[in-house]
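K.L.:
Shown below is the structure under consideration.
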There are 2 protein chains.
Amino acid sequence: VKIVLTGAAGFVGSHLAQALLATGEHQVVLIDQHFTAEQRQAFGGAKCLAGSFADADILADGVDALMHLAAVPGGAAEANPQLSKQVNLGATLALFETAAAAATKLRVIYASTVAVLGEDLPPTVKDSMANAPGMTYGTHKAMIELALADMHRRGVIEAFSLRLPGILPRPFAPSGLKSAFLSDVFHVLAAGKEFVMPMSAQATSWLMSVHQCVANFMLALTADSSLMPKSRAVTLPALRCTMGDLIEQICAQTEQPTTAVSYELDALLEQQFGALPKLAATAAEAVGFSHDGDLATLVSRGLQLTERSAV
Amino acid sequence: VKIVLTGAAGFVGSHLAQALLATGEHQVVLIDQHFTAEQRQAFGGAKCLAGSFADADILADGVDALMHLAAVPGGAAEANPQLSKQVNLGATLALFETAAAAATKLRVIYASTVAVLGEDLPPTVKDSMANAPGMTYGTHKAMIELALADMHRRGVIEAFSLRLPGILPRPFAPSGLKSAFLSDVFHVLAAGKEFVMPMSAQATSWLMSVHQCVANFMLALTADSSLMPKSRAVTLPALRCTMGDLIEQICAQTEQPTTAVSYELDALLEQQFGALPKLAATAAEAVGFSHDGDLATLVSRGLQLTERSAV
């Protein structure tokens, strides 16, 4: 299977690229604006194209699947809606239209986001709820979901939009992401240092390890298309946990006392990332997508990726 | 108030243009690809710009409100998704961004459609239901609704998306619209001729007179913006009636026997236009939007616009 992956140098993208190459079954083309020398080496079996996914004719010859992860992230999109419109809406639509015009019917796997759901969530988020994105990033992702569903209906592509929750743990480096603390807590506690959690112990988040996220993308490559809902978009079944439970589990596995963590509540962060209700991801589960299973597994997977020396 | 109206030569647009001019309170700029000599005369008090709404700098000086009705209609959009993407999505977004860049905050009133809701409707359509457009036209309208909600949230425009049901009666002329029979029944019975209804007597549709539709657009000009939902989109409160009741009422008011109508069911039309469930248009009603009140009023308003000689 010939697969084109955009955003391949990013956090999820680079893990996904390595998983695709590890199967030894795929011909993989990786796109991102820039690859480090380490990445080019790690991606040895793949063709790495450095540049915009909008520039090159990246779907030129006989591609079977397009995995589109490249995007202007949430904070940057909010700061620059025009840039988000250009990349997350315009260039993304153009890419999918190129895919639709291909001689063979492409499977298009699109990294959407739970941000399409918005902030005023009901006690249980169900597949039937209306999207009400509260930021420009989620708005453009929701618009693309609609366009993909229509292209799928017209039979020109096979569309899978996967709405990602917070994926863990990102590398310990300034990312500009407001949710970075949800990854940092892994790195800092693994390094045996003290951590200040900016949400309350009762705050509830939706989490998924990058390991599980990659497994879900891999599943989308071969999943039975007829099991997807008409909207062609599913909210992935994230694990919902409180910050207290998360910290207790990380401390247990890193043999730290829970007193290594103090809580200094940031009301805005708590509102944005700490008030996630129950999630009934029925449609996604019907296709075969899953969360990490339990918190111990999520934490164990997360800790495998911590960089103790970086802290 | 200075108002720019696109699609002003169209069915709803031309009625709305005349209503705006009749108030004597507004400075009105009308845009459409072509105006007939009769229209230019009827719109005597307005500036008529013939051309694409995408071409001219139609929001140049000090516009207060933009009423955007111009669109590639449903059937044409379905036949040519690229054209719909260009006009109903791309040019429409560009127009709204020009509005957003204006020195004063514009009120943008957008003609959306119940087609955003899709075809698999629940027993009662409520404001909380998720959009699931089943055609390209509704898809692009739903995408624009999302973009408008985001622009409103960012404070750069004041957005009102009004989802229109079937509007009656269109002129008795080949329109290419599959729903034309819902208008033709008025013209044909008013002319004392026999009519073949392509849906069953039990079929249920959502209807609104063009008189009522214009009243709702006029209301949007002055409505309290804070009463609109966060989505900035409302499904207008259409009158729901069976074809049997509609025909009985038209026959009563035109003094025709109901035997003037025979039923020849077209299963596809029945599915598309004759299976509309109950509609709870609570959000729209909270702002002040309304339907025709009762079927007798809707029919009476419709018959005022029939062209007996044209049949």
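The values are calculated or read from the model by the stated rules, or taken from the named source; none is laboratory data. Every value quoted in this text rests on a predicted model; they were computed, and no experiment measured them. Virtual Cβ from ideal backbone geometry, glycine too; neighbours counted across all protein chains shown. For accessibility, only protein heavy atoms count, side chains too; no ligands or nucleic acids. Shrake-Rupley method; radii C 1.70, N 1.55, O 1.52, S 1.80 Å.
K.L.:
Give me the percent of the accessible area of chain A that comes from carbon and sulfur atoms, probe 1.4 Å, all protein chains in place.
P.N.:
Carbon and sulfur: 51 percent of the exposed surface of chain A.
K.L.:
Rolling a 1.4 angstrom probe over the protein chains, ignoring ligands and nucleic acids, what is the accessible area of A:Arg240 in square angstrom, nearest 10?
P.N.:
110
K.L.:
Let me ask something else. Taking H placed 1.01 Å from N in the peptide plane, check which residues at least 5 places from B:Lys2 or on another chain put their amide H under 5 Å from its amide H.
P.N.:
Under 5 Å from the amide H of B:Lys2 lie the amide H atoms of B:Gln27, B:Asp64, B:Ala65, each far enough along the sequence or on another chain.
K.L.:
Which FRET efficiency value, to the nearest 0.05, is calculated for A:Asp57 and A:Gln202 with the Förster distance at 35 angstrom and r the Cβ-Cβ distance?
P.N.:
Once the sixth-power term is evaluated, E becomes 0.10.
K.L.:
Past the 28 angstrom mark, what percentage of all C-alpha to C-alpha distances in the range A:142-279 do you count?
P.N.:
In whole percent, the share of Cα-Cα pairs in the range A:142-279 beyond 28 Å is 30.
K.L.:
Still on this structure: Figure the gain on full extension for B:Leu265 and B:Gln304 (residue separation times 0.36 nm, minus the Cα-Cα span) and round it to one decimal in nm.
P.N.:
The B:Leu265-B:Gln304 span can extend by a further 11.3 nm.
K.L.:
Here's something else I'd like to know. Rounded to the nearest 10 Å², what accessible area does A:His211 have for a 1.4 Å probe in the complete protein model?
P.N.:
Near enough 110 Å² of accessible area.
K.L.:
Now a separate question. Using protein chains only (no ligands, no nucleic acids) and a 1.4 Å probe, work out which residues of the range B:112-154 have their accessible area cut by at least 40 Å² relative to the chain alone.
P.N.:
B:Ala130, B:Thr139, B:Met143, B:Leu146, B:Asp150, B:Arg153, B:Arg154
K.L.:
Would you list A:Glu119, B:Glu97 from the most to the least accessible area, probe 1.4 Å?
P.N.:
Ranking A:Glu119, B:Glu97 by accessible area, largest first, yields A:Glu119, B:Glu97.
K.L.:
With a 1.4 Å probe, how much accessible area is buried between chains A and B, both sides summed, in Å² to the nearest hundred?
P.N.:
The contact between B and A buries close to 2000 Å².
K.L.:
Also, quick follow-up: Reachable aspartates and glutamates from B:Lys47, Cα under 13 Å, same-chain residues fewer than 8 places away excluded?
P.N.:
Cross-link targets: B:Asp32.
K.L.:
On to the next question. Under 16 Å from a label point 7 Å along Cα→Cβ of B:Ala94: give me every residue in the range B:152-167 with its amide N that close.
P.N.:
none
K.L.:
Let me ask something additional. In nm, what does the list of distances from A:Ala252 to its counterparts in the other copies look like, shortest first, when each label sits 7 Å along Cα to Cβ?
P.N.:
Distances to the matching label points in the other copies: 7.2 nm.
K.L.:
Rounded, prolate or oblate: which fits the range A:237-282 when a ≥ b ≥ c are the square roots of the eigenvalues of the alpha-carbon gyration tensor, with rounded for a/c under 1.5 and prolate only if a/b beats b/c? Walk me through the numbers before you get to the answer.
P.N.:
Details: a/c = 4.27, a/b = 1.36, b/c = 3.13.
Because a/c hits 1.5 or more and a/b fails to exceed b/c, the range A:237-282 counts as oblate.
K.L.:
Could I ask something else about it? Past 29 Å, Cα to Cα: identify those pairs from A:Lys105/B:Lys278; B:Lys2/B:Lys178; A:Lys278/B:Lys141; A:Lys126/B:Lys230, in the order given.
P.N.:
A:Lys105/B:Lys278; B:Lys2/B:Lys178; A:Lys278/B:Lys141
K.L.:
Further question: How many percent of all Cα-Cα pairs in the protein assembly as shown sit more than 50 Å apart?
P.N.:
19
K.L.:
A follow-up question, please. Taking A:Gly45 in one copy and the same position in all the others, each labelled 7 Å out along Cα→Cβ, what are the pairwise distances from the first, in nm, shortest first?
P.N.:
The projected label point of A:Gly45 is separated from its counterparts by 7.5 nm.
K.L.:
Can you tell me the orientation of helix B:243-254 relative to chain B, as the angle in degrees between its alpha-carbon axis and the longest Cα principal axis, to the nearest 10?
P.N.:
For B:243-254 against chain B, the angle is about 80 degrees.
K.L.:
Which value, in Å² rounded to 10, gives the accessible area of A:Tyr263 with a 1.4 Å probe and all protein chains present?
P.N.:
Approximately 90 Å² of A:Tyr263 is accessible to the 1.4 Å probe.
K.L.:
Per the helix-only calculation at 222 nm, which mean residue ellipticity applies to the protein assembly as shown, given -39500 (n - 2.57) for every DSSP H run of n ≥ 4 and division by its residues, nearest 500 deg cm²/dmol?
P.N.:
Only helices count here, giving -10500 deg cm²/dmol.
K.L.:
I've got another one for you. For B:Lys141, A:Lys193, what's the largest-to-smallest order of accessible area, 1.4 Å probe?
P.N.:
Working: B:Lys141 5, A:Lys193 95 Å².
Ranked list, largest accessible area first: A:Lys193, B:Lys141.
K.L.:
Give the nm distances, rounded to one decimal, from B:Thr282 to the matching residue in every other copy, measuring between label points 7 Å along Cα toward the beta carbon; shortest first.
P.N.:
Distances to the matching label points in the other copies: 2.1 nm.
K.L.:
Rounded to whole Hz and in sequence order, give me ³J(HN,Hα) for the range B:302-311 from the Karplus expression 6.51 cos²θ - 1.76 cosθ + 1.60, θ = phi - 60°, writing x for Gly and Pro.
P.N.:
x, 5, 4, 9, 7, 10, 4, 6, 6, 6
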